[in-house]
Amino acid sequence: MTRRCGLIAALDTTDVGQARRWAQAAGPHCGMVKLGLEFFLANGAAGVAAVGEAPVFLDLKLHDIPNTVAGAVRAVLPVRPRMLTLHASGGAAMLLAARIAADTAGAGRPLLLAVTVLTSLDATALSDTGVAGGPRQQVLRLARLALANGADGLVCSPLEIAVLRDAFGETPVLVVPGIRPAGAAADDQARTMTPHAAAAAGADWLVVGRPITQAENPAAAAAAIAAEIAA
């Protein structure tokens, strides 16, 4: 599959100044920066604005009753994130409530991405939570639910990119964490792939954190990963 794939730098910190420095270093080589739950809880909307001009993927993984999630979506709309995450396992009513809330922003609304199975979970970890059948089956089940109820795309591990493309075609936006350049440590990610392989499999966006932010030269690390994706 040939498609354009972009890089998202995950700025996983609570320090606004550090996030800004990483964004400035990696930004020229990335299409977006990701700010997650720890950053948002520490700094709020003002912190997001302080990071800089780069488009923001706000990774909050919202998961609550429908009314609460709808209110949370409306609360972050002034930040104008390009993409926003919520858990597909929140169910159809929650997903629909989030989409209705997002639509109040009109054409500038964020894309809603449904998290399927976290990349830190393997078959054993899923079984421990009562989910049988392994990650692939659960990803497909949750993806079908999410896309039928207002999600624009999915967050999945790289190992499920191909099966999702086969099942749902070109339309869903696939955002893929668990990306590790060859030779990099997997850390706490259980299901990983190299940038080149994930891009070739059909991802739209690759999310890379520690291989960029913990590198001696974050700008060079981001540039190398972007070049690998482009290749």
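Rounded to the nearest 20 debye, the dipole size of the range 59-173 about its Cα centre is 300 debye, using +1 on the Cβ of Lys and Arg and -1 on the Cβ of Asp and Glu. Counting other Cβ atoms within 10 Å as a rough exposure proxy, the listed residues PHE40, PHE57 run PHE40, PHE57 from fewest neighbours to most. Using θ = phi - 60° in the Karplus curve 6.51 cos²θ - 1.76 cosθ + 1.60, the 3J(HN,Hα) couplings for the range 7-14 round to 10, 10, 8, 8, 9, 8, 7, 9 Hz; x is entered for Gly and Pro.
3J(HN,Hα) along the range 214-219: 9, 6, 4, 10, x, 5 Hz, from the Karplus curve 6.51 cos²θ - 1.76 cosθ + 1.60 with θ = phi - 60°, whole Hz, x for Gly and Pro.
Can you tell me what percent of all Cα-Cα pairs in the range 6-230 are more than 22 Å apart?
Values: 12483 of 25200 pairs.
Of all Cα-Cα distances in the range 6-230, 50 percent exceed 22 Å.
Take the chain and mark each of the GluC sites (Glu not before Pro) that is in a DSSP loop with at most 13 other Cβ atoms within 10 Å; the longest unmarked stretch, sites excluded, is 54-169. Scanning residues 5 or more positions from LYS34 or on other chains, those with amide H under 5 Å from its amide H are ALA9, ALA10, LEU11, PHE57, with H placed 1.01 Å from N in the peptide plane. Placing +1 on each Lys and Arg Cβ and -1 on each Asp and Glu Cβ, with no other charges, gives the range 6-230 a dipole about its Cα centre of roughly 380 debye. Please find the FRET efficiency linking ALA93 to GLU53, where r is the Cβ-Cβ separation and R0 is fixed at 35 Å, and quote it to the nearest 0.05. Calculated value: 0.45. Put a dot 7 Å past the Cα of LEU41, heading toward its Cβ, do the same for ALA219, and the two dots end up 3.4 nm apart.
From least to most packed, judged by other beta carbons within 10 angstrom and beginning with the fewest, SER127, SER157 follow the order SER127, SER157. Scalar couplings 3J(HN,Hα) for the range 94-106, obtained by applying the Karplus form with A = 6.51, B = -1.76, C = 1.60 to θ = phi - 60°, are 5, 4, 5, 5, 5, 5, 4, 5, 4, 5, 5, 7, x Hz; x denotes Gly and Pro. Each of MET94, ALA105, ALA25 was scored by the projection of its Cα onto the charge dipole of the range 19-112, and the greatest displacement toward the positive side belongs to ALA25; charges sit on the C-beta of Lys, Arg, Asp and Glu. Between amide H atoms placed 1.01 Å from N, distances below 5 Å from VAL115 occur with LEU86, HIS87, ALA88, VAL155, all of them 5 or more places distant or on a separate chain. Each stretch of four or more DSSP H residues adds -39500 (n - 2.57); spread over every residue of the chain, this sum gives -12500 deg cm²/dmol at 222 nm.
No lab work stands behind these numbers, since they all come straight from the coordinates. These figures come from a predicted structure and were not determined experimentally. Note: ideal-geometry Cβ built from the backbone for every residue, glycine included; neighbour counts use all protein chains shown.
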